[in-house]
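S.K.: I'd like to ask some things about the structure below.
FYI, it's all coordinate maths here, none of it is from the lab. Computed from a prediction, not measured in an experiment: that's the story for all the values here. Glycine gets a Cβ as well: all are built from the backbone with ideal geometry, and neighbour counts include every protein chain shown.
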Amino acid sequence: TGVISYDPRLLNNISSRFSGRIEKLYVRFNFENVSKGQHIMDIYSPEILTAQQNLIFLLNNSSNDIALINSSKQNLQLLGLTAEQLKQIETTKQTINPLPVYSPYSGHIHDMGISNGVPSSSVNNGMTTGMNNISSTSSQIQIENLPSSQTASLTIKEGMYVQSGQPFFAVYNIDQVWAVLNIFPQDAAKIKIGDKVFIKAETNPGNE
């Protein structure tokens, strides 16, 4: 007996690069498939909006002060803007507001839960923040405790606040999965690396 489970090496988190309020969600429910680069939400950040306005003011009025302009751009990079977004601001002299958030991974979305801008403690336990791969142990905690394991509706809503570096979605890639099988102790000696394993689903035993 056993279960088909996610490969923990293919579980990833989507985190916010900046703090602010979720203005628009383009993901509507748990288990929705997303592609790498897909626009998933917009965040309004007053701090970054002000910093963008400062850069545009410098570009319009102090274009010869390269050091000051570079300092303003570096500040925006530290706040989470990408090189492409900075180039867009320089070219158009327009602020980017609200700021788009794109999925860096392909797979299906699981809501990690946000409560007043703070991730659920049961989900965040043992996990790292940021867009990093996570360990097998923390991945198992994540799989078992995500709010999405109970319902297809999102707990994340438009109008909620997120913090910089805060993970709010997990992306599960099922291009490869694990079969986690239970072996009786008396049978363990019979199992060798390289043995073929045939699997049948309880709901469809005829399909081996």
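S.K.: Quick one: if the Förster radius is 22 Å, what FRET efficiency do GLU158 and SER5 give, using the C-beta to C-beta distance and rounding to 0.05?
M.R.: 0.10
S.K.: From the P(r) of the stretch 1-76, can you give the percent of Cα pairs sitting at distances over 15 Å?
M.R.: Everything past 15 Å amounts to 71 percent.
S.K.: In 10 Å bins starting at 0, how do the alpha-carbon pair distances of the stretch 149-208 split up by percent?
M.R.: 12, 27, 24, 17, 16, 3
S.K.: Can you work out ³J(HN,Hα) from phi for every residue in the stretch 161-176, in order, using Karplus 6.51 cos²θ - 1.76 cosθ + 1.60 and θ = phi - 60°, giving whole Hz and x for Gly and Pro?
M.R.: Karplus values, whole Hz, x for Gly and Pro: 9, 10, 9, 4, x, 7, x, 10, 10, 10, 10, 9, 9, 10, 4, 9.
S.K.: Determine ³J(HN,Hα), in whole Hz, for all residues of the stretch 195-208 in sequence, where each value follows from phi through the Karplus function 6.51 cos²θ - 1.76 cosθ + 1.60 and θ = phi - 60°; x replaces Gly and Pro.
M.R.: Coupling constants for the stretch 195-208: 4, 6, 10, 10, 10, 10, 7, 4, 7, 8, x, x, 9, 8 Hz.
S.K.: Give me, ordered by chain and number, the residues 5 or more places off ASN13 or on other chains with an amide H under 5 Å from its own placed amide H.
M.R.: It is ASN132, VAL171, by chain and number.
S.K.: Another question, then. Which distance in Å, rounded to a whole number, links the C-alpha centroids of the stretch 54-78 and the stretch 157-190?
M.R.: Here the answer is 43 Å between Cα centres.
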